[in-house]
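The values are calculated or read from the model by the stated rules, or taken from the named source; none is laboratory data. All values derive from a computational prediction rather than experimental measurement. Counting neighbours? That spans all protein chains shown, and the Cβs are built from the backbone with ideal geometry, glycine included. To get the accessible areas, we keep the full protein, side chains included, count just its heavy atoms, and leave off ligands, DNA and RNA. Shrake-Rupley method; radii C 1.70, N 1.55, O 1.52, S 1.80 Å.
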Amino acid sequence: MEVGFRAGSVLLGKYRIESVVGRGGMGVVLRVTHLQLGEELAIKVLLPEATSPEGHARFLREAQSVVRLRGEHVTRVIDVGCAEGYYAVGLAR
């Protein structure tokens, strides 16, 4: 488990972290459960060390682009936010 992403901890006030799915150069994908809905989701998190004004803008543009896509093989963006030093995009399974 990545430092700061412990199983059972809560991210963005509404997602309980279950496990780390993968890690890339700029971020981490987490398997989470939405606390109020009980739905299992994935969240892509931009790591603080990768955060810059340009990096945040690119991350937000990615979320805005993906939310417009539709298809059975396209992951649906359901949330985007910033808290606790992280920028995150919630993704439906």
### Query
Going by the conditions given, is residue 49 more than 14 Å from residue 89 (Cβ to Cβ), touching a residue at least 12 places away in the same chain (Cβ under 8 Å) and either of a type in the set (D, E, K, R) or in contact with a helix residue (DSSP H, G or I) (Cβ under 6 Å, 6 or more places away or on another chain) (or both)?
no
## Note on the structure
Contact list, first residue from the stretch 12-28 and closer than 24 Å to residue 52 by Cα, second anywhere and exposed (fewer than 15 other Cβ atoms within 10 Å of the Cβ) and among the acidic types (Asp, Glu), beta-carbon distance below 6 Å, six or more apart or interchain, is 20/2; 28/2
### Task
List every residue pair whose Cβ atoms lie under 6 Å apart, where the two residues are 6 or more positions apart in sequence or sit on different chains, the first residue falls within the stretch 63-76 and is open to solvent by 60 Å² or more (accessible area, probe 1.4 Å), and the second residue, located anywhere, is among the β-branched types (Val, Ile, Thr) and not in a loop (DSSP other than H, G, I, E, B).
67/77
## Note on the structure
When restricted to 4, 38, 25, the only residue in a loop (DSSP other than H, G, I, E, B) and at pLDDT 85 or above is 38
### Query
Does residue 54 satisfy the criteria of being closer than 14 Å to residue 4 by Cβ, open to solvent by 50 Å² or more (accessible area, probe 1.4 Å) and part of a helix (DSSP H, G or I)?
no
## Note on the structure
Here the residues within the stretch 41-51 that are part of a strand (DSSP E or B) and open to solvent by 60 Å² or more (accessible area, probe 1.4 Å) are 44
